[in-house]
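Structure, as structure tokens:
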Amino acid sequence: MPLLKLVFLGTGGAVPRADRMLPAIYLEDWLGHRILLDAGEGVQYRLFQIGVAPSSLTLVAVTHMHEDHVLGLPGLVITAKFLGGKVKLLGPRSAHEVLSRLGVEVADSYDGGRLKIRCVEVCHTVDACGWLLEWDVGYKLDLKKVEGLPKWALTKLIRGEEVEVGGRVIRPEEVADPAHKRYRRLLYTGDTGPCPRMLKAVGEVDVLIHEATFADDVDPKKAHEEGHSTVADAVEAAKALRAGVLVLTHISARYTDKARHRQLAGRVPPPPHIYVPDDFDTLLVQL
Ligand SMILES: [Zn+2]
Ligand SMILES: [Zn+2]
């Protein structure tokens, strides 16, 4: 069953607070991928606290080179080496040279078979990637249409391959449940203002993790000039992307708590279902 576990290791932005650290999200999928999205300062300790060794990560994807998103990298990379692992990094192309000085492999996409990750250019003050994760969950077959077919053929059809049985070529689309979605998507924006080109490049997602640096007490124009979003901007993006789940993060240190963000989120009727997690909150999402 397509299930994601998200642990929010740092839900702050720019300036940390005692109860809100810098951006980092741990994602584990049902296939066993362990991915860290952004690496705020001290993230390796937070990983240990949730029982995840830095050496066991499939990859670390940083959105951009602003310090609040990358200062945790050097420690994480060194610890992973001591533990016998090697960190694979994803980052925006313009940052590859700097990042490779850490002695790691750097790329701007990942192909793990059933999980693919790619950079989607967002609208920030520097070159920045939103990370789009796409899982191929295969086809769900219409049992009536596949009656009598051998098991090997069913396995191939579910994976999206055509088969030949008794001289008849069967394409998966012919025997699949048309209501079923083959791909499931999650987008993590990192820092961004409202961004039409990002929306266009992505299309639709199931889960959107969007920054909401500000609530509604800051002039949106000012927020956008700084390359950031308000809660209302994040909600707009979620609606445009038809997201079922919206998570708000990168909350400015100007807010002593997240009451205002939650109040604003509570006024939006689902979908999307909106969450404003605290540090160390875990969210399980069935895709
Ligand atoms: Zn930031
Ligand atoms: Zn930034």
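Our helix-only sum for the chain, with -39,500 (n - 2.57) per DSSP H run of n ≥ 4 divided by its residues, gives a mean residue ellipticity at 222 nm of -6000 deg cm²/dmol. Past 27 Å, Cα to Cα, is the threshold; run 200/221; 116/239; 5/222; 116/156; 86/140; 151/181 against it and keep the listed order. With Cα atoms farther than 27 Å apart: 5/222; 86/140. In the full protein context, the chain carries 47 Å² of accessible surface per residue, based on a 1.4 Å probe and ignoring ligands, DNA and RNA.
Taking the DSSP beta bridges with both ends in the chain, the antiparallel portion is around 65 percent.
Over every Cα atom in the range 216-287, the radius of gyration and the widest Cα-Cα span, Dmax, amount to 12.5, 36 Å. In terms of accessible area, using a 1.4 Å probe and ignoring ligands and nucleic acids, 206, 111 rank largest first as 111, 206. Along its first, second and third principal axes, ordered by size, the chain spans 67, 48, 32 Å in Cα coordinates.
Across q = 0.26, 0.27 Å⁻¹, the range 138-180 modelled as identical point scatterers on its alpha-carbon atoms has Debye log10 I(q)/I(0) values of -0.87, -0.94, in the order of the q list. Loop-located trypsin sites (Lys or Arg not before Pro) across the range 239-280 with a Cβ neighbour count of 15 or fewer within 10 Å are 242, 254, 267, with loop assigned by DSSP.
Note on residue 106: accessible area approximately 40 square angstrom, rounded to 10, probe 1.4 Å, nucleic acids and ligands left out.
The values are calculated or read from the model by the stated rules, or taken from the named source; none is laboratory data. From a predicted model like this one, the values you see are computed outputs, not experimental measurements. We place every Cβ from the backbone using ideal geometry, glycine too, and count neighbours over all the protein chains shown. Note: areas computed on protein heavy atoms with side chains; ligands, DNA, RNA excluded. Shrake-Rupley method; radii C 1.70, N 1.55, O 1.52, S 1.80 Å.
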